[in-house]
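Just so it is clear, none of the values below were taken in a lab; they were calculated from the coordinates. These numbers were taken from a predicted model, which means no experiment stands behind them. Glycine gets a Cβ as well: all are built from the backbone with ideal geometry, and neighbour counts include every protein chain shown.
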Amino acid sequence: MAEYLILIYEDENGYATASPNVFQEVMDAHNRFAQQVGEKGGKLVAGNALQPTSTATTIRGDVVTDGPFTETKEALGGYYLIEARDLDHALDIAKLTPARFGGVEVRPIMVFQEG
Amino acid sequence: MDANPAARDDGRPRAGGHRGRAQPGTGSAAAVADAHRREWAFVLAATARVAGDIDLAEECVQDAYVAALDAWSRQGVPRNPGAWLTTAARRRAIDALRRDKTLRGKLPLLIEPAPPVAGSAPPAPAPGEDDVIPDDRLRLVFTCCHPALAREAQVALTLRLVCGLTTTEIAQAFLVPEPTMAARVTRAKKKISAARIAYRVPGLAELPDRLDAVLTVVHLLYTTGHTAPAGENVVRADLVERALDLARMLQSLMPDEREVRGLLALLLLTDARRATRADASGRLLLLAEQDRSRWNRDMIAEGTALVPGALRGGCPGRFGVQAAIAALHAEAPSYAETDWRQIVKLYDVLLEVWPSPVVALNRAVALALAEGPETGLAQIQELEDDGRLADYRYLPAAKADLLRRLGRDEDAVQAYRAALALTENDAEREFLGRRIAEARGQPKPGHASG
């Protein structure tokens, strides 16, 4: 098994203009996802939602700025760290990640060899 | 060493088959070249399984082919060149892994569990016994065409790993500088390794999409070679043969997959027309202008025979339907006698499976032939409004052709100009330029000539 990071990118506007029941639906979906990862034979190592980009602070060198690293239409909103056998397995799991206002990126975790 | 291997009795039992009927020297070189063409994928795939790493496998296979040049010239061409090469390559891979333990530590291409037992020499093939080497070619093909790789990477990797082309040859085939192509191949291999794209044939659930990607790559190879102007570099023209080889290989490995049948049929039926694609001076000929007596009837027969199987069983796939359309063209005695209505119906089916605006355009062209230019023009107008084909030169070209047939020459010229602006292909530019000249030179009753 190897580790992969699933990065969730969504248009924050989607949530800003959503009706109240949307939030409950999303919560339920994420709870269900946690279960599905195990059902698919993977392991959920960690996961978190992030506060919106308005709360972000960026540092480049010495300069500290308000806001996310890059301004994009779809912003990083959360992540899951999972264990999967290979990329196909990771993608199979990642396809279930709730991301109704955007999508996900799947990135393998770097493994540093000894010596 | 004997000068004449054919005369030598090497003590192997007759059941093992003859050894070395070929004369040493050029005969063996030709056999190695032939084995390179036919067996590369098989040998590499089988070696990759043992090597656990694509780069190591490639090296070992390359070395095996070099060794063959020497060994076959001295001992004659083996009865089963593929088995000989595979054994040689795998032996080298195992030796390399044994010598250098750190190689095992590299992020490997995933292989099935059950690596070779360290310290044991692989058994030499017993005389007369066929090596039972698993055919891993499908694993190789599906890995090269994994959706996590960009299309151009899929194409480059397929040519490199499945067809055995060198990076230089692939660069020439796609008219890119060699370093660019080398980087592309390296990056793709790195992605396979780092992201852990597994070396396997996809499961049933994923197979349709994954297979579609493979067939698309093979088709792309074909069209790249097919549209390369005559006299272009040899590698480019050779892509046509490579694509056909690949299609045949897939057909032999997946005989029940109807889309595989569909692709092979499509390639055969399209390639049957190759001799008439351009005239002696390289000028492109339209389907309407091609001398059908020069179409390859054997290929048409073979392609047509595959079509029913390609369409069988429920909603057909896009390659099967395209093949059916090509078959209708191939069977028509002339352009005018083509069953355009049936072709339109097939395009209706194709659009269901493959809702692409390009397909819609082709349908519009067929519709114009079945029901008249006005009907086709209406469809083309819709496609123009849609906007997705804004950079697609065949849209204004098709529009221009319909306008021309309606006698609307000025509008036709405008559309031909739009098409001209979108193409850099010399043969196409020549064709469009000619059409413009014709449209402007044509005297119209009651109009001042332009």
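By the count of neighbouring beta-carbon atoms within 10 Å, fewest first, B:R318, B:R98 end up ordered B:R98, B:R318. The B:S281 and B:C315 beta-carbon pair, evaluated with R₀ = 35 Å, returns a calculated FRET efficiency of approximately 0.20.
Panel order for B:R37, B:R160, by other beta carbons found within 10 Å of each beta carbon, from fewest to most: B:R37, B:R160. Annotation for B:Q414 and A:Q51: the two label points, set 7 Å from Cα along the Cα-Cβ direction, are 5.9 nm apart. For B:Y199, the residues whose amide H sits under 5 Å from its own are B:L110, ignoring neighbours fewer than 5 places away on the same chain, with H placed 1.01 Å from N.
Around the amide H of A:A75, modelled in the peptide plane, lie the amide H atoms of A:E10, A:D11, A:E12, all under 5 Å away and 5 or more residues distant in sequence or on another chain. Here the 3J(HN,Hα) profile of segment B:314-323, calculated from phi with Karplus coefficients 6.51, -1.76 and 1.60 at θ = phi - 60°, is x, 4, x, x, 6, 6, x, 5, 4, 5 Hz, Gly and Pro shown as x. Neighbour counts of C-beta atoms inside 10 Å place A:K43, A:K73, B:K399 in the sequence A:K73, A:K43, B:K399, starting with the fewest. Computed from backbone phi, the HN-Hα couplings of segment B:137-149 come to 4, 5, 4, 4, 4, 5, 5, 4, 9, 5, x, 6, 9 Hz, rounded to whole numbers (Karplus: 6.51 cos²θ - 1.76 cosθ + 1.60, θ = phi - 60°; Gly and Pro given as x). Projecting each Cα onto the charge dipole of the protein assembly as shown (Lys/Arg +1, Asp/Glu -1 at the beta carbon, about the Cα centre), which of B:G320, B:A156, B:Q342 comes out farthest on the positive side? Farthest along the dipole direction, towards plus: B:A156.
If only the Cβ of Lys and Arg carry +1 and only the Cβ of Asp and Glu carry -1, the dipole of segment A:54-115 around its Cα centre is close to 200 debye. Its Cα gyration tensor gives segment B:21-105 an equivalent ellipsoid. The semi-axes, each the square root of 5 times an eigenvalue, are 26, 12, 9 Å from largest down.
Modelled spin labels at B:L175 and B:A437, positioned 7 Å past Cα toward Cβ, are 2.3 nm from each other. Amide H to amide H distances under 5 Å link A:G47 with A:L81, where only residues 5 or more positions off or on other chains count and H is placed in the peptide plane. Simple spin-label estimate for B:S293 and B:Q62 gives 5.1 nm between the two label positions (7 Å along the Cα-to-Cβ direction from each Cα). In straight-distance terms, cross-link reach from A:K95 covers every one of the lysines whose alpha-carbon lies under 27 Å from its own, apart from those fewer than eight places away in the same chain; here that gives A:K40, A:K43, A:K73, B:K189, B:K190, B:K191.
Each residue of segment B:341-350 was assigned a 3J(HN,Hα) from its phi angle through the Karplus expression (A = 6.51, B = -1.76, C = 1.60, θ = phi - 60°), giving 4, 5, 5, 4, 4, 5, 5, 4, 5, 4 Hz with x at Gly and Pro. Inter-part distance, segment A:1-79 to segment B:54-81, computed on C-alpha centroids, equals 53 Å.
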